[in-house]
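Please treat every number below as a calculation from the coordinates, not as lab data. Given the structure is predicted, the values throughout are model-derived calculations rather than measurements. With ideal geometry, Cβ positions are generated from the backbone for all residues, glycine too; neighbour counts draw on all protein chains shown.
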Amino acid sequence: MRTLKALLLSAFIATTALTTSASATPVYFSNDAGASGVVDVYVDGQLVFDDVFADSSMMFPKEITAGKHDVVITPNYLALGEAGILHASITVPETDGEDGAYTVTLTPDTNELLTLDLTSGHVD
């Protein structure tokens, strides 16, 4: 029993250290690409936003650690790895109280190719 308590305590300390070592930034997602349809957004292989309709923004942000991340946008009816609409990297800055949140926007460029833009604030 004593070994189990020590093991659980060690696991708790390791988990706490991993989850609090990097600062998190509130990030919204906006889908401004009407042709994309309803999408899911994966960050570093984890589903972060799901069922985001075209021409809509998420009302609530997700906490994402500051730093570089791989983002994959997929149709909402397909799993990660089946068919991606867009694969891109973004670098999320640390917030310092003044910057607040950021918004990642899926948008078509001048050639109608989809891109991701990261902007400061919450874009409606």
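Before we move on, is His87 surrounded by 14 or more Cβ atoms within 10 Å (Cβ to Cβ), out of contact with any Leu (no Cβ under 9 Å at 6 or more places or on another chain) and touching a residue at least 12 places away in the same chain (Cβ under 8 Å)? Here the answer is no, as His87 does not meet what is asked. If you go through the stretch 53-96 and keep only what is in a loop (DSSP other than H, G, I, E, B) and on the phi > 0 side of the Ramachandran plot, you end up with Asp55, Gly81. In this structure, Thr65 does not qualify as surrounded by 14 or more Cβ atoms within 10 Å (Cβ to Cβ), under 15 Å from His122 (Cα atoms) and in contact with a Ser or Thr (Cβ under 9 Å, 6 or more places away or on another chain). Any residue at all in the stretch 52-59 that is exposed (fewer than 11 other Cβ atoms within 10 Å of the Cβ), more than 22 Å from Leu113 (Cα to Cα) and free of Cβ contacts under 8 Å to residues at least 60 places away in the same chain? Yes - at least one qualifying residue is present in the stretch 52-59.
For the stretch 23-57, a residue qualifies if it is more than 11 Å from the chain's Cα centre (by Cα) and under 14 Å from Asn76 (Cβ atoms), and the qualifying residues are Asn31, Ala33, Ser36, Gly37, Val38, Val39, Asp51, Val52, Phe53, Ala54, Ser56.
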